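Notes to accompany the following structure.
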Amino acid sequence: MKLLILLLLPLVFSASIEKHEDVQFEALPAESKSRFAMLDDVRILANGLLQLGHGLKDFVHKTKGQINEIFQKLNLFDKSFYDLSEQTNEIREKEEELKEKTSQLQENNEELRNMSGKIYDQIEHLLQDKVQLQGKILRLEEKLNQISKGYDEVQDHKDVATLKQYVEQQDTNIQRLLKVVADQNVQLDHQNSQIKDLEEKIGNASVTDGKRSAPGSQKMDDPSSFNSSTVTDRTPDPNDHPRDCNDVYNQGTRLSGVYTIRPNNSAEFRVYCEFTTEAAWTVIQRRTDGAMDFNQTWEDYAKGFGDLRGEFWLGLQKIFSLSQQADYILHIELQDWKNNVRFVEYLFTLGNQDSSYTLQLSQVLGNIPSALPEYTPLPFSTGDHHSQHLKCPAETSTGGWWKSSCGGTNLNAKYVKPRSRVKGERRRGQGLSWKPEKGRMYSLRSTKMMLYRTELENFE
């Protein structure tokens, strides 16, 4: 702008001189032409400067736009780098979790191996005791043939009967221990497969972290503790009239599923049979996910309810019919929220409806402390039916169970997931629970109760 003013000043000055000179000199054509030429040059120069200014302005705007685009790209790069860092941290956390689970599974594997060794030792001792007892029985029988009638003969007969009963019990225990060993071996194989899977996942996570790429979401499979075999719905020949799942198994069936049975002196009904390579189980209760409401009435618990392929209660009357035709082992399988599986087994007797289906137990095996009093009559109780001495508040009476007191163990209580509990608040009577007399209460994810016929008639 200053340059333009400096260029115009001589023109103005020359114009003023021209006016004065016009007064004195009237005819000077050559100089007038020269002044007009200078004015044209100034105008051309001014137009050039104006165009140069517009060009500079456009260049500045274009440069600003390019700078803004660069800043946007830098922001996107910073965000991508931050997201990549977050994903890398998640990968490392998952890798640590997988390593912890692997160590836990290895500890469980070692514990199962130690337990299997102890069980094998017990079996050896029991087999030795059985051989010794059978020798004693043979010697006593020979002695009976040589002794005349009298008090001594009667006394020896009593001793033989006692020894026979003891041998039968020992043989039953041996059979149960052999089955437990087989189950433990299955669990060991399952644990080993899980360890291998976890090691592969850890290796994959480490490779992904090294490449610093964004991985997809990975989820560990939740190991299921129930019914890995294919479910079927079959009914054997009606003329065979199987009494329980043991009879179905003896007929050659090896596929777990729903079958129709008819216990002695009972009508036909359907049950879920779970088969292994060596045994048959009649399932009487199953809880897995809370899909079935177990807060039912006394009448419902007597008849049974639920889906035999899902969650169900077989029914007290049906369980009573089964228990009256033979000796059974009650097997209770428990799974906590960390997918640890434990079990306990009892010899039991069950009363009829007039006795409120009173249960009496004697523990045989197990890898968890018993939470049911042994040798104690336990009447069955529901929210609308309590024994005379038992008056429990509503919050501790959800579902039906064999109880000697309020609260404590209840595998038929309301299904409550850990995340649905209020943090820092303890709620009695809610959730599946297993509470031994001494020790902590176990919060359970799933439960299963099954019956196994002992087949003691084989010794007669």
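The values are calculated or read from the model by the stated rules, or taken from the named source; none is laboratory data. None of these values were measured; they are calculated from a predicted model. Don't worry about glycine lacking a Cβ; one is built from the backbone with ideal geometry, like all the others, and counts go over all protein chains shown. Side chains are part of the model used for accessible areas, which takes the heavy atoms of the whole protein and leaves out ligands, DNA and RNA. Shrake-Rupley method; radii C 1.70, N 1.55, O 1.52, S 1.80 Å.
Hey, how many Å between the Cα centroid of segment 298-346 and the Cα centroid of segment 77-128?
31 Å
Carbon and sulfur together cover what percent of the accessible area of segment 246-394 at a 1.4 Å probe radius?
Carbon with sulfur: 45 percent of the solvent-accessible area.
Counting other Cβ atoms within 10 Å of each Cβ, which trypsin sites (Lys or Arg not before Pro) in segment 269-310 have at most 10 and sit in a DSSP loop?
Of the trypsin sites (Lys or Arg not before Pro), not one in the loops of segment 269-310 has a Cβ with at most 10 other Cβ atoms within 10 Å.
Using the Karplus curve 6.51 cos²θ - 1.76 cosθ + 1.60 with θ = phi - 60°, what ³J(HN,Hα) values do you get for each residue of segment 310-316, in whole Hz, with x for Gly and Pro?
x, 8, 6, 10, 5, x, 4
Which GluC sites (Glu not before Pro) in segment 244-304 pass both tests, a DSSP loop state and at most 14 other beta-carbon atoms within 10 Å?
Of the GluC sites (Glu not before Pro), the ones in loops of segment 244-304 whose Cβ has at most 14 other Cβ atoms within 10 Å are E268, E278.
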